[in-house]
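A short write-up of the structure that comes next.
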Amino acid sequence: MNDSQVRSKLKAKVHGKFNVGQGLYFRVSNEGIGFWMLRYTINGKRREYSFGRDGRPPQGMTLAAAKDKAGFLKAKLRDNIDPIVEKKRRATGSFNTVDDVALDWLRECEKRLKHPDIPKRVYREDISPILGDIAIDQVNVQDVLRVIRATNASNRPAIAEI
């Protein structure tokens with residue numbers, strides 16, 4: 001498949017999935033929108049990742065650019081990084097420290113708990129002093145054990161059971 005074939009399929013609004021090779025497909029939706037798709041398997045699951053849907057002909061990128069993007073995604077897959085999972089992670093926002101994650105979680109607690117001040121207090125008094133300033137990717141088992149042991153030592157059994 002070449003660029004002119006891709007443009008032809010898009011112009012004619014030929015619905016379908018067209019194999020370019022090595023897991024890369026050009027797809028035209030029922031609405032006549034074209035985009036690229038990479039099919040791959042990771043952790044025993046078959047997945048499809050769509051990209052190049054920003055409106056420029058042919059709906060985002062040329063065949064060469066799509067092949068480059070597919071090569072980039074395959075390199076990530078070789079490192080066992082699923083592009084669909086990464087995309088979802090980017091959508092959830094940026095969390096640098098444990099405090100960042102906790103603030104997001106505590107906001108959710110306010111919406112659904114009758115007494116959201118309890119988890120806020122537990123986090124503020126028991127967890128944040130130990131883990132709060134640590135970068136997310138730096139938290140390890142020993143850090144979590146320090147929180148558990150400190151909470152158990154506080155002689156507040158209800159808190160220790162959380």
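When N counts the residues of region 98-160, how does its alpha-carbon radius of gyration compare numerically with 2.2 N^0.38 Å, as a ratio?
Dividing the Cα Rg of region 98-160 by 2.2 N^0.38 Å gives 1.14.
The longest stretch of the chain left intact once loop-based GluC sites (Glu not before Pro) with at most 15 other Cβ atoms within 10 Å are removed from consideration, loops following DSSP, is 32-160. Pairs of alpha carbons in region 3-91 separated by more than 21 Å make up 30% of all such pairs.
Across q = 0.14, 0.16, 0.19 Å⁻¹, the chain modelled as identical point scatterers on its alpha-carbon atoms has Debye log10 I(q)/I(0) values of -0.80, -0.90, -1.12, in the order of the q list.
Which order do Ser4, Ser94 fall in if you start with the one that has the fewest other Cβ atoms within 10 Å?
With the fewest neighbours first, Ser4, Ser94 line up as Ser94, Ser4.
Amide H to amide H, with H built 1.01 Å from N, Ile42 comes under 5 Å of Arg47, counting only residues 5 or more places away or on other chains. The trypsin sites (Lys or Arg not before Pro) of region 1-103 that meet both conditions, a loop assignment by DSSP and at most 13 other Cβ atoms within 10 Å of the site Cβ, are Lys13.
Would you mind ranking Thr41, Thr151 so that the residue whose beta carbon has the fewest other beta carbons within 10 Å leads the list?
The most exposed by this proxy come first: Thr41, Thr151.
For the pair region 117-138 and region 12-48, the centres of their Cα atoms are 44 angstrom apart. Ranking of Arg124, Arg112 by neighbouring Cβ atoms within 10 Å, starting from the fewest: Arg112, Arg124. When you restrict to C-alpha pairs under 8 Å that are six or more residues apart and normalise by the size of the chain, the relative contact order lands at 12 percent. Between Ile33 and Arg78, the FRET efficiency from the beta-carbon distance, with R0 = 25 Å, is close to 0.25.
All of the numbers you see were taken from the coordinates with simple rules; none came from a lab. From a predicted model like this one, the values you see are computed outputs, not experimental measurements. Positions of Cβ are generated from backbone atoms using ideal geometry, with glycine treated the same way; all protein chains shown enter the neighbour counts.
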